[in-house]
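First comes the structure, then the notes that go with it.
The values are calculated or read from the model by the stated rules, or taken from the named source; none is laboratory data. Everything numeric in this text was worked out from a predicted model, so none of it was measured. Cβ atoms come from the backbone with ideal geometry, glycine included; neighbour counts cover every protein chain shown.
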Amino acid sequence: MGYSSTASAAPYKTTLMLTLVALVLSATVAYFLFPYVRHLYIDTPVWTAQAEDDCDLHQAACRVAVPNGWVELSLAPNPIELLTPLTLTVTLEGYTPEQLHVDLSSPDMYMGFNRPELLPTGLPGEFQGVTALGVCVLETMMWEAKVLLPVAGGMGEVSFTFSTTRNF
């Protein structure tokens, strides 16, 4: 009896195609469920603070009073643009962490995980990092920048909100 390569290739192609379809479906489901299950693996903060409504990160840095000090955030260049390297600078008073993270997200829709690490600049209490904001189908997009501050017993969160406008 002769060996037929086409007969043995059919089950392999079917298995490969089913595996590929399963992976694509799993990734799609995970992508759309992420915003709803995100809270399951993010620790509840010890305390939270929010910038005042008159804070405009497009114009200048914003400072927020927190327990035992303050947190200031600035974004550059101004005005804040999409798909452009964005330098985040956080200045602290009352805290001396080794590193910081800023979680950038949108309450309008999931824009992917964007949590750059900020490292000390050498100036007292100053940390800096670089990231970029993605493009959205919405012309105007609301963003939230949460400074995640390591504190005794967990994490403190300081929220700053700003919007971007797609110019293309």
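Looking at the stretch 79-168, the strands (runs of 3 or more DSSP E) lying wholly inside it that each contain 3 or more residues that are under 25 Å from Phe32 (Cα atoms) and modelled with pLDDT of 95 or more sit at 100-105, 140-151, 154-165.
Within the stretch 97-120, the residues that satisfy the criterion of being within 18 Å of Ser163 (Cβ to Cβ) and surrounded by 13 or more Cβ atoms within 10 Å (Cβ to Cβ) are Val102, Asp103, Leu104, Ser105, Ser106, Asp108, Tyr110, Met111, Asn114.
Of all residues in the stretch 73-94, one or more are over 21 Å from Arg166 (Cβ atoms), in contact with a Cys (Cβ under 7 Å, 6 or more places away or on another chain) and crowded, with 18+ Cβ neighbours inside 10 Å. Looking at the stretch 50-71, which of the residues that are more than 18 Å from the chain's Cα centre (by Cα) and in a strand (DSSP E or B) is surrounded by the most Cβ atoms within 10 Å (Cβ to Cβ)? Filtering first and then ranking leaves Val71. Considering Gly94, Gly122, Gly129, the condition of being outside the structural domain of Ala27 (by TED's automatic domain parsing), out of contact with any strand residue (DSSP E or B) (no Cβ under 9 Å at 6 or more places or on another chain) and closer than 22 Å to Ala60 by Cα is satisfied by Gly122 alone.
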